[in-house]
Amino acid sequence: MKLIRNIAAAAAFAALTALSVSAQPAAGRPAAPAPQRPATTPGGAPGGNPVEGKIAIIDTEAFADPKSGITRLVNAFNVVNNEFKPRSDELQRLRGQYDQILKDIEATKNVADQKALAAKADQAETLKNDIERRSQDAQRAYQKRLRDVTQPVYQDIGTALQAFAKTRGVTVIFDVSKMGEVMFVVNDGLDLTPAFIADYNQRNPATASTSTPANR
């Protein structure tokens, strides 16, 4: 028996989600639009016929795994991370400066002039507020840029997953990344994740600078 666990540290929810042959990315990431479904009658399928097909599982968080995920998606994340590295480095430098001021205050609090200590404390407070403001601005900008860059890739992945599942007679996919630790899988053959990732990467070769999918 295999326990499917949430492998992405950034995931915020664990919700039981049944997907009708569609890909949904991890929490906090842009979601691909769900495919259109035909109208059904009470029988469950067009014309009232029962739906026949297989059930499978997918782990959409594995798509962004740097080592074994979907190359185009991994590259898209890398593009954004590289763009924001200067901001990250600057924030790290400011935090180091702030920490050093606090150390200086602590080391000299018993011998330094009280006015000098007060000036350093004011400097530290100003720097702290600046760091917080810059961090919030950077986070908002990062999330927006990440959505802009990854959304087209997620949409393409969703379309590809739908086609991949249909060719295998799959009608319903459960995204285990949305289910936390509530699912036990006794048949690993239900998991389409490795096969789909391999198939998508083969059909969509990507270079390190590629961030958007090629037209099909």
Residue check, Arg145 of a type in the set (Lys, Arg), in a helix (DSSP H, G or I), closer than 30 Å to Phe196 by Cα and in contact with a Ser or Thr (Cβ under 9 Å, 6 or more places away or on another chain): no
Within the stretch 148-161, count every residue that is over 25 Å from Leu192 (Cβ atoms) and surrounded by 15 or more Cβ atoms within 10 Å (Cβ to Cβ). 1
Exception for Ala112 within (1) surrounded by 12 or more Cβ atoms within 10 Å (Cβ to Cβ); (2) more than 17 Å from Thr150 (Cβ to Cβ); (3) in contact with a strand residue (DSSP E or B) (Cβ under 8 Å, 6 or more places away or on another chain) falls at (3)
Against the condition exposed (fewer than 11 other Cβ atoms within 10 Å of the Cβ) and polar (S, T, N, Q), how does Gln97 come out, does it pass? no
Pick from Lys120, Lys67: which is among the basic types (Lys, Arg) and either in a loop (DSSP other than H, G, I, E, B) or closer than 30 Å to Leu161 by Cα (or both)? Lys67
Any idea which residue in the stretch 121-172 is nearest to the chain's Cα centre (by Cα), counting only those that are within 22 Å of Ala56 (Cβ to Cβ) and small (Gly, Ala, Ser)? Gly158
Go over the candidates Lys128, Lys85 one by one and state the one that is over 30 Å from Pro194 (Cβ atoms), surrounded by fewer than 12 Cβ atoms within 10 Å (Cβ to Cβ) and at pLDDT 95 or above. Lys85
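The values are calculated or read from the model by the stated rules, or taken from the named source; none is laboratory data. On a predicted model such as this, the values are computed, not experimentally measured, just so you know. Glycine gets a Cβ as well: all are built from the backbone with ideal geometry, and neighbour counts include every protein chain shown.
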